[in-house]
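Let me begin by presenting the structure, written as structure tokens, before commenting on it.
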Number of protein chains: 2
Amino acid sequence: MNVRTLCLGILSFQEASGYEIKKEIEEGQFSHFIDASYGSIYPALNQLHAEALVTVRAEEQSGRPDKKVYAITEAGRKALSEGLSQVAAKDKFKSEFLFAMLFQEFLTEDQVGLAVEKQMGDLKQKLARMESCRVHGALSRGSNFIMGYGEAVLSAGLKFLEQHVSQKRPNKGEATVSIKVEAVE
Amino acid sequence: MNVRTLCLGILSFQEASGYEIKKEIEEGQFSHFIDASYGSIYPALNQLHAEALVTVRAEEQSGRPDKKVYAITEAGRKALSEGLSQVAAKDKFKSEFLFAMLFQEFLTEDQVGLAVEKQMGDLKQKLARMESCRVHGALSRGSNFIMGYGEAVLSAGLKFLEQHVSQKRPNKGEATVSIKVEAVE
DNA sequence: TTCACCTATATCGCTTCGACATATATCAAA
DNA sequence: TTTGATATATGTCGAAGCGATATAGGTGAA
């Protein structure tokens with residue numbers, strides 16, 4: 001599955017600019033299982049437009065560059081449907097955190113502790129993000145499903161780390177690392 | 001973190017050829033959280049050799065091309081240590097399965113069912129692979145940690161899907177899709 | 001004996017990432 | 001009050017990496 005199909009998917013929910021698509025990928029309900037950069041989104045949108053799978057409309061803005069709002073066409077919906085019918089590739093999970101943990105002997109105890117705390121913060125942040133997506137309600141069947149799956153998986157990781165930490169440092173009273181979990185929204 | 005550091009990490013455990021590194025990535029304890037293709041491994045090894053971070057030794061084989069066995073050097077260990085000290089990037093999780101689930105209305109019920117069964121098979125396979133890594137024992141502190149984390153996360157996903165399936169199809173008696181979970185090893 | 005799969009290295013086109021460039025608006029802190 | 005950070009918005013470009021393919025003989029099952 002490529003970035004073109006990804007854009008079509010998001011546009012099938014609502015029309016949007018490239019910038020808004022990127023934001024949706026970073027902060028929306030997609031955020032925990034897809035990714036794409038500007039360097040692939042903008043070229044993809046141009047391509048889709050050239051293939052008449054989307055339409056564009058320039059929205060004037062004061063000061064900023066014109067916002068180019070894209071909308072999916074009927075041909076675009078058909079292409080999306082075809083893209084989704086392909087057998088899905090296996091999940092890809094890359095974790096530098098786990099890689100580093102595997103080589104603990106190359107790190108100091110502090111470095112390991114810091115890495116674990118950072119990972120816990122990251123997981124909490126993602127969970128909070130999904131929680132806020134839930135609150136904004138009106139979720140489709142598909143939305144509910146992926147949220148449930150995401151919560152299950154992220155919580156399991158967090159729980160494992162919490163157990164590991166409490167097991168390793170019962171009551172050491174050492175300087176605690178404060179992790180800011182920014183409120184999303 | 002790039003493929004060079006990845007190769008150094010694997011070579012810090014034992015010397016290996018490019019082919020063996022790829023196998024380790026696909027089937028070893030790394031398999032559920034890292035990935036790399038031949039297209040990046042072979043060039044990476046050449047680069048590492050040019051930088052004297054690894055040594056090469058050609059092992060003759062009957063029939064096949066010579067096996068080029070790489071071993072990490074002291075400079076290589078230092079480079080690995082430096083690579084690991086960098087703050088780890090956030091986990092990257094890409095799931096075409098979840099993307100497709102989000103757009104269920106574009107698919108038939110059969111397609112959705114099939115996708116779910118496939119996902120469950122994939123998860124079971126990964127769990128089995130980790131189980132077999134456990135059996136082969138002699139695991140380091142780091143190994144145990146990442147296995148525990150992996151099992152926690154994969155099991156959580158599987159459990160969620162199992163609940164979803166039993167909820168959706170209590171006793172329909174329809175043609176069941178048989179999923180072959182190949183025994184690893 | 002055919003066919004699929006395994007060992008083994010390597011390249012190549014294409015996709016995608018990540019960092020940067022450009023331009024303006026807003027808001028908080030020094 | 002000026003500086004700096006953050007947000008909106010589009011886009012490019014070099015580098016990294018993927019996935020498929022080429023090559024070539026060995027192994028084992030149908």
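Nothing in this text is a laboratory measurement; each read-out follows from the coordinates by a stated rule. Keep in mind the model is a prediction, meaning the values are calculated, not measured. Heads up, the Cβs are rebuilt from the backbone with ideal geometry, glycines too, and the neighbour counts pull from every protein chain shown.
Which one, B:113, A:17, A:58, projects farthest toward the positive side of the charge dipole computed for the protein assembly as shown from Cβ point charges (K/R +1, D/E -1)? My answer, from the dipole projection, is B:113.
How big is the dipole moment of the protein assembly as shown about its Cα centre under a simple scheme where the beta carbon of each Lys and Arg is +1, that of each Asp and Glu is -1, and everything else is neutral? Debye, nearest 20, please. The partial results should precede the final answer.
On the way: 46 positive and 50 negative charges, 60 e Å.
The calculation lands at about 280 debye.
Checking the cross-link pairs A:22/A:78; A:68/A:92; A:67/B:92; B:22/B:78; A:90/B:124 against a 21 Å limit on the alpha carbon distance flags A:22/A:78; A:68/A:92; A:67/B:92; B:22/B:78 as lying beyond it. Calculate how steeply helix A:109-135 sits against the longest principal axis of the alpha-carbon atoms of chain A, using the helix alpha-carbon long axis, and give the answer as 0 to 90 degrees to the nearest 10. Between the helix axis and the principal axis of chain A, the angle is about 40 degrees.
Think of the axis that spins chain A onto B; the A residue whose C-beta lies nearest it, and the distance in whole Å, is A:156, 2.
For each of A:62, A:81, count neighbouring Cβ atoms within 10 Å of the residue's Cβ, then give the residues from fewest to most. Kindly include the intermediate steps, with their values, before the conclusion.
Numbers: A:62 4, A:81 15.
Ranked by crowding around the Cβ, least crowded first: A:62, A:81.
What does the charge count around residue A:75 come to, taking other residues whose C-beta lies under 12 Å from its C-beta (Lys +1, Arg +1, Asp -1, Glu -1)? If you can, show how the numbers build up before the last one.
Details: positive: A:77, A:78; negative: A:51, A:74, A:82.
In short, -1.
Just from its helices, what would the mean residue ellipticity at 222 nm be for chain A, if runs of 4 or more DSSP H residues each count -39500 (n - 2.57) and the sum is divided by every residue, rounded to the nearest 500 deg cm²/dmol? Show your work: numbers first, answer last.
On the way: 7 runs with 108 residues, N = 185.
It comes out at -19000 deg cm²/dmol, rounded to the nearest 500.
Shape call for region A:80-158 from the C-alpha gyration tensor, a ≥ b ≥ c root eigenvalues: rounded (a/c under 1.5), prolate (a/b greater than b/c) or oblate? It comes out oblate by the Cα gyration axes. In this rough spin-label picture, where each label sits 7 Å from Cα along the Cβ direction, the residue B:164-residue A:78 distance is 3.0 nm. Net charge of the neighbourhood of residue A:105, taken over other residues with C-beta under 12 Å away and scored Lys/Arg +1, Asp/Glu -1, is +1. Dipole magnitude for region B:1-132: computed about the Cα centre from +1 point charges on Lys and Arg Cβ and -1 point charges on Asp and Glu Cβ, it is near 400 debye. Could you work out how far helix A:18-27 tilts from the main Cα principal axis of chain A, as a 0 to 90 degree angle to the nearest 10? With rounding to tens, the tilt is 30 degrees.
Please arrange B:31, A:132 by how many other C-beta atoms lie within 10 Å of their C-beta, fewest to most.
Working: B:31 19, A:132 14.
With the fewest neighbours first, B:31, A:132 line up as A:132, B:31.
Quick check: the distance between the Cα centres of region B:90-161 and region B:50-75, to the nearest angstrom? Cα centroid to Cα centroid, the span is 34 Å. Can you bin chain A into rounded, prolate or oblate? Criterion: square roots of the alpha carbon gyration tensor eigenvalues sorted a ≥ b ≥ c, rounded for a/c under 1.5, prolate for a/b above b/c, oblate for the rest. Prolate, because a/c is 1.5 or more and a/b exceeds b/c.
Within the listed set B:104, B:125, B:14, the Gaussian network model of chain B (springs between alpha-carbon atoms below 10 Å) gives the highest mean-square fluctuation for B:104. Taking label points 7 Å from Cα along the Cα-to-Cβ direction, residue B:139 and residue B:61 give a separation of 3.0 nm. Does region A:12-92 classify as rounded, prolate or oblate by the C-alpha gyration tensor (a ≥ b ≥ c root eigenvalues; a/c under 1.5 gives rounded; else a/b over b/c gives prolate, otherwise oblate)? Since a/c reaches 1.5 but b/c is at least a/b, the shape of region A:12-92 is classed as oblate. The long axis of helix B:3-13 is offset from the longest Cα principal axis of chain B by roughly 80 degrees.
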